[in-house]
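A quick write-up on the structure given underneath.
The values are calculated or read from the model by the stated rules, or taken from the named source; none is laboratory data. Computed from a prediction, not measured in an experiment: that's the story for all the values here. Counting neighbours? That spans all protein chains shown, and the Cβs are built from the backbone with ideal geometry, glycine included. Surface areas here come from the heavy atoms of the whole protein model, side chains and all, with no ligands, DNA or RNA. Shrake-Rupley method; radii C 1.70, N 1.55, O 1.52, S 1.80 Å.
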Amino acid sequence: MTKTFKLSAFKSTVHIQSSLPSLNNIISELGGRVRGVLLICDENTINIAKNISLNGQVNICVIKAGETAKTWESVESILRSAKEAGIGRDGLFIGVGGGVISDIAAFAASVFMRGVNLVIISTTLLGMADASLGGKTGIDLFDIKNIAGTFYPASLIYMPISVLTTLPLREWKSGMAEIIKTLILNKTIYKKNTYECLISIKKAIFDNQTFLDNNHSSSRDNKPDDSLIKNISSLIKECVLYKGRITETDLYETKGKRALLNLGHTFGHALETSCGLGVITHGEAVAWGIVRSCELGVRLGITSIRQKDTITNCIELCGYETKKAHPLIKDNKTFINSLNNDKKKKSGNFNFIIPVKKGVEIINIKPEDMGLIENIIFGKTND
Ligand SMILES: NC(=O)c1ccc[n+]([C@@H]2O[C@H](COP(=O)([O-])OP(=O)(O)OC[C@H]3O[C@@H](n4cnc5c(N)ncnc54)[C@H](O)[C@@H]3O)[C@@H](O)[C@H]2O)c1
């Protein structure tokens, strides 16, 4: 699938395809006007980046893998590599990796020479389903997730499905959370064939992991079966079309539409931060946060028990922790402090996205109702 989205003054073209693009393809799609290329990858995705780097003829900047690399230092090392490589305003940054690489490569591209060409080659399920599209860039600072960032959509985003075969099991699981989030927003989660598709993915990925290679190696004897590729590709496509449509109407999250994509993120980000960034994956935190949002909705009388149960079942299918008082919360006060630092707070009130009959809704919770929120997070039993 190829689809171009118009994001305010930017255009992003997404290619969901089976294999990696070549550097020549990329440059010609950009109109050939590129002088100087910097590939940005991490210690694991360097194996993938090397496959498009024309035998080492382009500059590569390798960042540490994982959430703890979303720092100023990583951005600085990208900017330094670009300067040392003599890249100018007509240069090109290509981020090759998951959401961490796309967030920091895009941040660096947005500030280097006040903005250079940006291409993302997304290599994780989470990156394809969510992080690579929509122009949000970011780094973590002062122990707060994504507190510094810009809006800078990539011109081209490639999603080469074949690279997912080296993705570790935990990262497949992490990506499923953002997919389930979109299925809730889209309301397709309540359809029987969606549940069947999730069951088949669960069997292929989580029950029978023979094709997974946890050593990040690109050579393998076992390949995922065709039905898994077909199911995953169609879910990624659904996520891309949904997110593309929303961000086309509200790129800068000012019209109340894009904010809906944050379902599960207020609880999830607080969990991620309070556990120590990098301890729990983004998807694991979001999955737990979505279940908390359902429970809050039930308490407020706007989410039906049936809706909550359907969503929770789908999340549990992928093996996520869904219980309140998450076992990794060591200190309730630290969690509440993290929640209080949420970027989405407005005039001291929390904004939670809650699944409701017509899809999802933004609900404002005042600080004096914090008791209810604490019960949802730390209470003894799930509602
Ligand atoms: N900008 C956005 O709109 C947006 C949306 C959602 C999430 N995010 C961000 O995305 C980040 C999470 O992204 P992620 O889950 O992709 O994590 P990640 O980028 O850290 O990747 C997870 C791990 O998988 C490895 N990896 C990547 N591709 C691989 C492959 N094909 N084979 C083997 N190993 C591979 C990475 O090296 C890393 O160790 C978070 O920082 C989150 O805040 C951003």
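Things worth noting here:
- Every test in (1) within 9 Å of the ligand (Cβ to nearest atom); (2) touching a Leu at 6+ places or on another chain (Cβ under 9 Å); (3) modelled with pLDDT of 95 or more; (4) open to solvent by less than 10 Å² (accessible area, probe 1.4 Å) is passed by Leu164 save one, and that test is (3).
- Residue check for Gly297: crowded, with 18+ Cβ neighbours inside 10 Å and over 19 Å from the mean Cα position of the chain (by Cα): yes
- Only one entry in Ala65, Ala82, Ala105, Ala49 is surrounded by 18 or more Cβ atoms within 10 Å (Cβ to Cβ), more than 16 Å from the ligand (Cβ to nearest atom) and either of a type in the set (Gly, Ala, Ser) or assigned to a strand (DSSP E or B) (or both), namely Ala82.
- Residues that are touching a Leu at 6+ places or on another chain (Cβ under 9 Å), open to solvent by 20 Å² or more (accessible area, probe 1.4 Å) and assigned to a helix (DSSP H, G or I), drawn from the stretch 314-333: Leu317
- Filter result for the condition that a residue is among the polar types (S, T, N, Q), at pLDDT below 95 and surrounded by fewer than 21 Cβ atoms within 10 Å (Cβ to Cβ), over Asn222, Asn262: Asn222
- Taking residues in the stretch 163-176 that are of a type in the set (Phe, Trp, Tyr), and partners anywhere that are within 8 Å of the ligand (Cβ to nearest atom), the pairs with Cβ atoms closer than 6 Å and at least 6 places apart or on different chains are Trp172/Leu125.
- If you go through the stretch 94-110 and keep only what is in contact (Cβ under 8 Å) with a residue 60 or more places away in the chain and β-branched (Val, Ile, Thr), you end up with Ile94, Ile101, Ile104.
- Elements of the type strands (runs of 3 or more DSSP E) sitting completely within the stretch 138-182 and holding at least 1 residues that are aromatic (Phe, Trp, Tyr): these cover 156-160.
- Residue count, the stretch 85-102 (criterion: more than 14 Å from the ligand (Cβ to nearest atom), aliphatic (A, V, I, L, M) and either open to solvent by 10 Å² or more (accessible area, probe 1.4 Å) or more than 18 Å from the chain's Cα centre (by Cα) (or both)): 3
- Selection status of Ile121, part of a strand (DSSP E or B), more than 22 Å from Ala148 (Cα to Cα) and in contact with a Phe, Trp or Tyr (Cβ under 9 Å, 6 or more places away or on another chain): yes
- Test: residue in the stretch 167-182 that is near the ligand (Cβ under 9 Å from one of its atoms), over 23 Å from Gln17 (Cβ atoms) and open to solvent by 20 Å² or more (accessible area, probe 1.4 Å): yes
- Contact annotation: residue pairs with Cβ atoms under 7 Å, 6 or more positions apart or on different chains, pairing a residue in the stretch 24-47 that is farther than 22 Å from Lys83 by Cα with a partner that is in a helix (DSSP H, G or I) and within 16 Å of the ligand (Cβ to nearest atom), are Thr45/Ile101.
- Residue within the stretch 174-189 that is of a type in the set (S, T, N, Q), over 30 Å from Val356 (Cβ atoms) and at pLDDT below 90 present: no
- Test: Ile40 is more than 9 Å from the ligand (Cβ to nearest atom) and either over 22 Å from Val163 (Cα atoms) or more than 23 Å from the chain's Cα centre (by Cα) (or both): no
- Residue satisfying condition, being of a type outside the set (Gly, Ala, Ser), within 20 Å of the chain's Cα centre (by Cα) and more than 28 Å from Lys64 (Cα to Cα), within set Leu317, Leu277: Leu317
- Scanning the stretch 151-163 for residues that are out of contact with any Pro (no Cβ under 8 Å at 6 or more places or on another chain) and not hydroxyl-bearing (Ser, Thr, Tyr) gives Phe151, Pro153, Ala154, Leu156, Ile157, Met159, Ile161, Val163.
- Members of the stretch 119-134 found to be out of contact with any Pro (no Cβ under 8 Å at 6 or more places or on another chain), more than 17 Å from Ser233 (Cβ to Cβ) and either open to solvent by less than 10 Å² (accessible area, probe 1.4 Å) or more than 9 Å from the ligand (Cβ to nearest atom) (or both), listed by number: Val119, Ile120
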